[in-house]
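Undergrad: My questions will all concern the structure given below.
The values are calculated or read from the model by the stated rules, or taken from the named source; none is laboratory data. Just so it is clear, the structure is predicted and the values come from calculations on it, not from any experiment. All Cβ positions, even for glycine, are placed from backbone atoms using ideal geometry, and neighbour counts span all protein chains on display.
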Amino acid sequence: MGEITIETASPERFDDIQHAFSDGGDGAGCQCMWWLLRSKDWDATTVDTRTEMFRAEIAAGPPPGLLAYVDGAPAAWVRVGPRARQPRLAHTRNYTASPDPFDDPGVWAVSCFVVRREFRGQGLSAALLDAAVTFARDGGARVVEGYPIDVSVQKTSTNDLYHGSLSTFEDAGFHEVARPKPHIAIVQRPLGD
């Protein structure tokens, strides 16, 4: 693999994020709005509407995620930010088993990865997760939480791995705090001083 650089989402990188989304599963259709909208609100939006919502979120700040480049080419994305800013998590039964109150501002969530096909299998999710932990720590998080899939329990399509894989989170120092379904884990990494 080439040189990986990771940058925060910003208005001038919006087109690069769209490029990363364009060949990476559901990213282009979702526009990373899934965790921000309740079901009825999601159903009422179009891709164009979600794209403009995402553009507005990035413009308003703070950055809702990180973008990875490989040799200058936009390659992958991760959403990371305060969990309370991703309200669908609190209304999704699989994720309500978190040990911390949902509105705790010190808990940040890593909720979505998108990796372009040509860059898969090269460790970009791990690089983005490491950068997300640093970003969360710098942003004042005391805990980072994720919702990865345990592929050793259930074969999962690449498209359904947008949560990330359990092994990637474990390798980054996360530990399991709940198992709402055999293949879905809730993991956390406390951020000490």
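Undergrad: Filter the stretch 66-75 down to the residues that are surrounded by 13 or more Cβ atoms within 10 Å (Cβ to Cβ) and over 18 Å from the mean Cα position of the chain (by Cα) and list them by number. Spell out the reasoning first.
TA: We begin by selecting, within the stretch 66-75, every residue surrounded by 13 or more Cβ atoms within 10 Å (Cβ to Cβ); these are 66-70, 73-75.
The answer is V70, A73.
Undergrad: May I pose another question? Tally the residues that are among the small types (G, A, S), surrounded by 14 or more Cβ atoms within 10 Å (Cβ to Cβ) and free of Cβ contacts under 8 Å to residues at least 60 places away in the same chain, restricting the search to the stretch 10-41.
TA: Here is the first cut: in the stretch 10-41, the ones among the small types (G, A, S) are 10, 20, 22, 24-25, 27-29, 39.
Those still in the list that are surrounded by 14 or more Cβ atoms within 10 Å (Cβ to Cβ) too: 10, 20, 24-25, 27-28.
So of that shortlist, the ones also free of Cβ contacts under 8 Å to residues at least 60 places away in the same chain come out as 10, 28.
So the answer is 2.
Undergrad: I would also like to ask the following. Exactly one condition in (1) farther than 20 Å from A141 by Cβ; (2) modelled with pLDDT of 90 or more; (3) of a type outside the set (A, V, I, L, M); (4) within 18 Å of the chain's Cα centre (by Cα) is false for P63; which is it?
TA: (1)
Undergrad: Another question about this same structure. Conditions: (1) within 17 Å of the chain's Cα centre (by Cα); (2) part of a strand (DSSP E or B); (3) free of Cβ contacts under 8 Å to residues at least 24 places away in the same chain. R189 meets all but one. Number of the miss?
TA: (3)
Okay, residues lined up against (1) out of contact with any helix residue (DSSP H, G or I) (no Cβ under 8 Å at 6 or more places or on another chain); (2) assigned to a helix (DSSP H, G or I); (3) within 19 Å of L161 (Cβ to Cβ); (4) not acidic (D, E):
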| site | (1), (2), (3), (4) |
| --- | --- |
| E7 | no, no, no, no |
| D15 | yes, yes, no, no |
| T45 | no, no, no, yes |
| D48 | yes, yes, no, no |
| A59 | no, yes, no, yes |
| L66 | no, no, yes, yes |
| D103 | no, no, no, no |
| F113 | no, no, yes, yes |
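Undergrad: Just need a number here: residues in the stretch 78-96 that are part of a helix (DSSP H, G or I) and surrounded by 19 or more Cβ atoms within 10 Å (Cβ to Cβ).
TA: Residues in the stretch 78-96 being part of a helix (DSSP H, G or I) and surrounded by 19 or more Cβ atoms within 10 Å (Cβ to Cβ): 3 in total.
Undergrad: Something else about it: Which residues, counting only those in the stretch 27-84, are of a type in the set (A, V, I, L, M) and within 22 Å of Y95 (Cβ to Cβ)? Break it down into steps so the answer makes sense when it comes.
TA: Filtering the stretch 27-84 for residues of a type in the set (A, V, I, L, M) gives 28, 33, 36-37, 44, 47, 53, 56, 58-60, 66-68, 70, 73, 75-76, 78, 80, 84.
Across the stretch 27-84, the qualifying residues are M33, L36, L37, M53, L66, V78, V80, A84.
Undergrad: Can you report the number of residues in the stretch 29-43 which are within 22 Å of E145 (Cβ to Cβ) and either part of a helix (DSSP H, G or I) or aromatic (F, W, Y) (or both)?
TA: Residues flagged as within 22 Å of E145 (Cβ to Cβ) and either part of a helix (DSSP H, G or I) or aromatic (F, W, Y) (or both) within the stretch 29-43 amount to 6.
Undergrad: Hey, another quick one. Within the stretch 84-106, how many residues are among the hydrophobic types (A, V, I, L, M, F, W, C) and in contact (Cβ under 8 Å) with a residue 40 or more places away in the chain? Can you show your working first?
TA: Kept after step one, since they are among the hydrophobic types (A, V, I, L, M, F, W, C), are these residues of the stretch 84-106: 84, 89-90, 97, 102.
Filter again for in contact (Cβ under 8 Å) with a residue 40 or more places away in the chain, leaving 89, 97.
Result for the stretch 84-106: 2.
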